[in-house]
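Shown next, in structure tokens, is the structure this report addresses.
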Amino acid sequence: MPNRRTDMDGVGNFNFKVEIEGVTQGAFRNVEGLDSETEVIEYQNGDDIVLRKRPGRTKYSNITLKRGYVTSPELWEWRKKVINGLIERKSGSIILLGDDSQKEWARYNFYEGWPCKWKGFTLDGKGTDINVEEIELAVEKIERG
């Protein structure tokens, strides 16, 4: 079947993968927090009637990853190290894939990440949903690769 996609067609939010340095169990169903913000520094020169603005420091949001609970303790062990005072920083990538789930369309690399929050699942004796765990990574920088 020929590719009928044009440059103006939107890209779906469902074809992606997450890679984290040294983590082998990384099939996530949701990614949030790919954003950055630069402080605005305001100043005025003497009697200048114009308020000047220049860029200050840039900060990056924490990245939140959600996935169906798996029995591998890999992410929990990484989080546990932080709880015990040993911060193991890792780099990784959020990769946006094409319609065929193979071709890489965009890659967002994060650096110096470590798990600052872990959220377990809600249990319900009458429920039928899958258990979802959530891990939040504090990152120092995000770049588009």
Original post:
Do we have any residue at all in the range 61-83 that's over 16 Å from A138 (Cβ atoms), touching a helix residue (DSSP H, G or I) at 6+ places or on another chain (Cβ under 9 Å) and touching a residue at least 12 places away in the same chain (Cβ under 8 Å)?
Top reply: yes
Original post:
What residue, among those in the range 1-19 that are touching a Ser or Thr at 6+ places or on another chain (Cβ under 8 Å) and either at pLDDT 95 or above or outside any loop (DSSP other than H, G, I, E, B) (or both), is nearest to D100 (Cα to Cα)?
Top reply: V18
Original post:
Taking the condition of a type outside the set (D, E, K, R), open to solvent by less than 50 Å² (accessible area, probe 1.4 Å) and either assigned to a strand (DSSP E or B) or touching a Gly at 6+ places or on another chain (Cβ under 8 Å) (or both), does V40 pass?
Top reply: no
**OP:** Name, by its number, the condition in (1) at pLDDT below 95; (2) surrounded by 11 or more Cβ atoms within 10 Å (Cβ to Cβ) that does not hold for K126.
**Re:** (2)
Original post:
Quick check: is even one residue across the range 23-32 assigned to a loop (DSSP other than H, G, I, E, B), open to solvent by 50 Å² or more (accessible area, probe 1.4 Å) and under 18 Å from A138 (Cβ atoms)?
Top reply: no
Original post:
Can you pull out the residues in the range 129-143 that are open to solvent by 100 Å² or more (accessible area, probe 1.4 Å) and either touching a strand residue (DSSP E or B) at 6+ places or on another chain (Cβ under 6 Å) or modelled with pLDDT of 95 or more (or both)?
Top reply: I130, E140
Original post:
Being more than 23 Å from N131 (Cβ to Cβ), modelled with pLDDT under 90, open to solvent by less than 90 Å² (accessible area, probe 1.4 Å) and part of a loop (DSSP other than H, G, I, E, B), is that true of even one residue in the range 93-106?
Top reply: yes
Original post:
Which condition number does E88 fail, the rest of (1) surrounded by 11 or more Cβ atoms within 10 Å (Cβ to Cβ); (2) closer than 18 Å to E134 by Cβ; (3) of a type outside the set (K, R) being met?
Top reply: (2)
Subject >> Pairs where the first residue, in the range 23-43, is on the phi > 0 side of the Ramachandran plot and the second is of a type in the set (A, V, I, L, M), C-beta under 7 Å, 6+ apart >> reply: G33/I63
Subject >> From I130, I135, residue being of a type outside the set (D, E, K, R) and under 19 Å from the mean Cα position of the chain (by Cα) >> reply: I135
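The values are calculated or read from the model by the stated rules, or taken from the named source; none is laboratory data. For clarity, every value in this text was computed on a predicted model and none was experimentally measured. Positions of Cβ are backbone-derived with ideal geometry, glycine not excepted, and every protein chain shown enters the neighbour counts. Heads up: the accessible areas ignore ligands, DNA and RNA and are worked out on the full protein's heavy atoms, side chains in. Shrake-Rupley method; radii C 1.70, N 1.55, O 1.52, S 1.80 Å.
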